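Student: Below is the structure I would like to discuss, written out as structure tokens.
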Amino acid sequence: DELYHVLGARGYLEHGEPRIAEGVYERARYFTATIALVFSTFGESVAVGRLPAVLCGSLLVTLLFLWVRSVAGQTAAWFAAIAFLISPFAAHVSQDIRFYAPFALFFWLGAMAVYAASTAERPSMAHLAWLTVGAAVCLGIALYLQDLTLIGVVGLGLWLGVQVGWPWLRAPPARYARITVALAVGAVAVVILAQIWTPSELLLRYRQTPLWNADTRNHFWYYHQWLNLYYPTLWPLFPLAALAALAHRPRPALFCLCIFVVGFLLLSFAGPKSLLYATFILPFLFVLWGMAFAYVWARLRGFVLEVTDGGLRGLGVPTSTALKTVLIAATVGFILLANTALIRTATMLAGIAVPPELPTSRWWDAAESLEPWLTQAAVVITASDLQALYYFGDYDILIDKSRLSEGPASGDEFGRDRRTGHPIVSTPKSIDRIIDCFPDGLIVTDKPRWRHPEHLDDATADLIVRRTEPIPLPAETRILAFRWANGDGPRSEACADLEQLVRPDRRG
């Protein structure tokens, strides 16, 4: 998906809009424009395109540290910031040319403005106005980048209800009048939202799942399992950590609990699932862990030192402050390494694939080997449209069941993807027809999509194997290529419409 913004940014620089081939990539258009600005300044490359995400991810960690330090102290701030910094969640979004890092950053800024406005002691109207405007702007930008902002807003609404709404309604002397005002404001807010999205539209978007993500649609435990995998020593203790955080700093802890717990539950019941979707609520989890650590450490510090000292004496080893420090540091290090999150972050930064993740497909190497066929083939078919556009320069037809289900408005075979303008097919019948209608051609896919039920399924793969011959490529590329050659015999009239689907320079 990074290539949507890379190619879209190239389109901005060349055409003034996020054009990709014959299509336009409209999603988060201004984020793509930002990538185009970065390219125009530093030159085009995937590494350069990641600079905005790196900047936003780094700024988020910094702001997290500063806020936690102001509301819960140094110990909580250092633990929360460092734990989030070395988490695979922060590492992923900070090296991805997508909008998740700025989305998480702006949601954090908006949430902080809401917290500041709702906890200020006797603020002036001007101060409240600035905080309200700031919250609206930041949450509005976050909403522009990701609809998931609405899930976060539900958590913020719960916090405001607990922190502001309930005490306000209970306060004398105008309790019933305030209830009426509160209900009126709520009704107005509902009417405004209904003008943007109807409840049925929101529910549809909440549960609607693309084909590639369909197998986890009803997997309620999805996020729980990932957190348990990454943090087996921390996640099972989350309820206890939440209580410790509430004991340490009740108000900011409750604020983080409202956002994280509501967000976690709503994401778990939602149709689409991805760790990227949880990025914006996870900083609040790390804040809770930081507060809990500060509370527990203040009470266990003496015990840990006493146990370490007693253990050394039991071994007959002279105790010293330096040795105890080393042992405690080694123990903390062991606990960190026991959580696979740190290992995952290290392998991610090193570019090492950890199962079930697959190694990177080396499209750039395959492009060099396939160059003669790419230039001479009457039609080029691929199962990876963006990679083909970026590394091959172009292609003609995409094979992808999932993309067909979400791309063309009609959803019909040979319908065009609005993002690239190229036709999409998904069935053996369509591939059979293409092979019959063109004298020769090339089919290229990477191994992850080959015989994948949501992309290029077994039936289509079997047809390709039966009607084409493979082109040998180095195994390390993880790319499969097939060609056919029928000769220049007569074509049926049914082929005329297909010939219009290929690039003009290939026709005739």
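The values are calculated or read from the model by the stated rules, or taken from the named source; none is laboratory data. All values derive from a computational prediction rather than experimental measurement. In this analysis, Cβ positions are derived from the backbone assuming ideal geometry, glycine residues included, and neighbour counts consider all displayed protein chains. Just so you know, the surface numbers come from the protein's heavy atoms only, side chains and all, with ligands and any DNA or RNA stripped out. Shrake-Rupley method; radii C 1.70, N 1.55, O 1.52, S 1.80 Å.
Student: Take the residues in segment 379-416 that are modelled with pLDDT under 90 and surrounded by 21 or more Cβ atoms within 10 Å (Cβ to Cβ), then tell me which one is farthest from the chain's Cα centre (by Cα).
Tutor: LEU404
Student: On to the next question. Applying the selection to segment 65-93, what residues are more than 19 Å from TYR231 (Cβ to Cβ) and part of a helix (DSSP H, G or I)?
Tutor: Here is the first cut: in segment 65-93, the residues more than 19 Å from TYR231 (Cβ to Cβ) are 65-67, 69-75, 77.
Across segment 65-93, the qualifying residues are PHE65, LEU66, TRP67, ARG69, SER70, VAL71, ALA72, GLN74, THR75, ALA77.
Results for (1) of a type in the set (D, E, K, R); (2) open to solvent by 10 Å² or more (accessible area, probe 1.4 Å); (3) in contact (Cβ under 8 Å) with a residue 40 or more places away in the chain, shown as yes or no for each residue.
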| site | (1), (2), (3) |
| --- | --- |
| TYR222 | no, yes, yes |
| PRO232 | no, yes, yes |
| PRO250 | no, yes, no |
| ARG299 | yes, yes, no |
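Student: So if I check each of PHE293, PHE284, which one is open to solvent by 30 Å² or more (accessible area, probe 1.4 Å), not in a loop (DSSP other than H, G, I, E, B) and not small (Gly, Ala, Ser)?
Tutor: Details: PHE284 fails: open to solvent by 30 Å² or more (accessible area, probe 1.4 Å).
Step by step, each of PHE293, PHE284 is checked, and only PHE293 is open to solvent by 30 Å² or more (accessible area, probe 1.4 Å), not in a loop (DSSP other than H, G, I, E, B) and not small (Gly, Ala, Ser).
Student: Looking at (1) in contact (Cβ under 8 Å) with a residue 24 or more places away in the chain; (2) at negative phi; (3) open to solvent by 10 Å² or more (accessible area, probe 1.4 Å), which is the one condition that is false for THR477?
Tutor: (3)
Student: Return the total of residues in segment 35-88 being surrounded by 19 or more Cβ atoms within 10 Å (Cβ to Cβ), polar (S, T, N, Q) and at pLDDT 95 or above.
Tutor: 0
Student: Can you tell me how many residues within segment 449-469 are open to solvent by less than 20 Å² (accessible area, probe 1.4 Å) and in a helix (DSSP H, G or I)?
Tutor: Residues meeting the conditions: 4.
Student: Would you call TYR144 over 18 Å from PRO283 (Cβ atoms), open to solvent by 60 Å² or more (accessible area, probe 1.4 Å) and at pLDDT 90 or above?
Tutor: Working: over 18 Å from PRO283 (Cβ atoms): yes; open to solvent by 60 Å² or more (accessible area, probe 1.4 Å): yes; at pLDDT 90 or above: yes.
Answer is yes for this residue.
Student: So, TRP364, is that one in contact with a Phe, Trp or Tyr (Cβ under 6 Å, 6 or more places away or on another chain) and either open to solvent by 40 Å² or more (accessible area, probe 1.4 Å) or among the acidic types (Asp, Glu) (or both) or not? So that I can check it myself, show each step before the final result.
Tutor: Numbers: in contact with a Phe, Trp or Tyr (Cβ under 6 Å, 6 or more places away or on another chain): yes; either open to solvent by 40 Å² or more (accessible area, probe 1.4 Å) or among the acidic types (Asp, Glu) (or both): yes.
Spelling it out, TRP364 is indeed in contact with a Phe, Trp or Tyr (Cβ under 6 Å, 6 or more places away or on another chain) and either open to solvent by 40 Å² or more (accessible area, probe 1.4 Å) or among the acidic types (Asp, Glu) (or both).
Student: Now a separate question. Which condition breaks for GLY421 when tested against (1) at pLDDT 90 or above; (2) within 27 Å of the chain's Cα centre (by Cα)?
Tutor: (1)
Student: Right, something else. Run LEU312 past the list (1) farther than 22 Å from LEU234 by Cα; (2) exposed (fewer than 15 other Cβ atoms within 10 Å of the Cβ) and report the number of the one that doesn't hold.
Tutor: That leaves (2) as the condition not met.
Student: Just to verify a result, which residue in segment 21-34, among those that are open to solvent by less than 70 Å² (accessible area, probe 1.4 Å) and in a helix (DSSP H, G or I), is nearest to TYR100 (Cα to Cα)?
Tutor: So in segment 21-34, the residues open to solvent by less than 70 Å² (accessible area, probe 1.4 Å) come out as 21, 23-25, 28-29, 31-34.
Add one more test, that the residue is in a helix (DSSP H, G or I), and what stays is 29, 31-34.
Details: ARG29: 14, PHE31: 10, THR32: 13, ALA33: 16, THR34: 14 Å.
Among those that are open to solvent by less than 70 Å² (accessible area, probe 1.4 Å) and in a helix (DSSP H, G or I), it is PHE31.
Student: Take the conditions open to solvent by less than 10 Å² (accessible area, probe 1.4 Å) and hydroxyl-bearing (Ser, Thr, Tyr) and apply them to THR279. Does it pass? Steps first, please.
Tutor: On the way: open to solvent by less than 10 Å² (accessible area, probe 1.4 Å): yes; hydroxyl-bearing (Ser, Thr, Tyr): yes.
Answer is yes for this residue.
Student: On to the next question. What pairs come out if I take residues in segment 385-399 that are closer than 15 Å to ARG10 by Cα and pair them with residues that are open to solvent by less than 10 Å² (accessible area, probe 1.4 Å) and charged (D, E, K, R) whose C-beta lies under 9 Å away, six or more apart or interchain?
Tutor: Cβ pairs passing all conditions: GLN387/ASP446.
Student: Yes or no: segment 113-136 includes at least one residue that is in contact with a Cys (Cβ under 8 Å, 6 or more places away or on another chain) and either open to solvent by less than 30 Å² (accessible area, probe 1.4 Å) or at pLDDT 90 or above (or both).
Tutor: yes
Student: Ok, one more. All but one of (1) open to solvent by less than 60 Å² (accessible area, probe 1.4 Å); (2) at pLDDT below 95; (3) assigned to a helix (DSSP H, G or I) hold for PHE260; which doesn't?
Tutor: (2)
Student: I'd like the full set of residues that are within 20 Å of LEU358 (Cβ to Cβ) and outside any loop (DSSP other than H, G, I, E, B), limited to segment 471-490.
Tutor: Kept after step one, since they are within 20 Å of LEU358 (Cβ to Cβ), are these residues of segment 471-490: 473-481.
Within segment 471-490, ALA475, GLU476, THR477, ILE479, LEU480, ALA481 qualify.
Student: Give segment 196-255 a look and list any residue that's part of a loop (DSSP other than H, G, I, E, B) and either closer than 30 Å to ARG449 by Cβ or of a type in the set (Lys, Arg) (or both), or say none.
Tutor: Filtering segment 196-255 for residues part of a loop (DSSP other than H, G, I, E, B) gives 197-198, 208-210, 217-221, 231-234, 249.
Those that are part of a loop (DSSP other than H, G, I, E, B) and either closer than 30 Å to ARG449 by Cβ or of a type in the set (Lys, Arg) (or both): GLN208, THR209, PRO210, ARG217, ASN218, HIS219, PHE220, TRP221, ARG249.
Student: Still on this model: Of the conditions (1) surrounded by fewer than 22 Cβ atoms within 10 Å (Cβ to Cβ); (2) touching a Leu at 6+ places or on another chain (Cβ under 8 Å), PRO472 clears all except one; give me its number.
Tutor: The failed condition is (2).
Student: Considering (1) open to solvent by less than 50 Å² (accessible area, probe 1.4 Å); (2) assigned to a helix (DSSP H, G or I); (3) farther than 30 Å from ALA244 by Cα, say which one ARG98 fails and leave the rest.
Tutor: The failed condition is (2).
Student: Mind listing whichever residues of segment 1-20 are out of contact with any strand residue (DSSP E or B) (no Cβ under 9 Å at 6 or more places or on another chain) and either under 23 Å from PRO88 (Cβ atoms) or buried (at least 20 other Cβ atoms within 10 Å of the Cβ) (or both)?
Tutor: Once the filter is applied, which keeps residues that are out of contact with any strand residue (DSSP E or B) (no Cβ under 9 Å at 6 or more places or on another chain) and either under 23 Å from PRO88 (Cβ atoms) or buried (at least 20 other Cβ atoms within 10 Å of the Cβ) (or both), segment 1-20 yields ASP1, GLU2, HIS5, VAL6, ALA9, ILE20.
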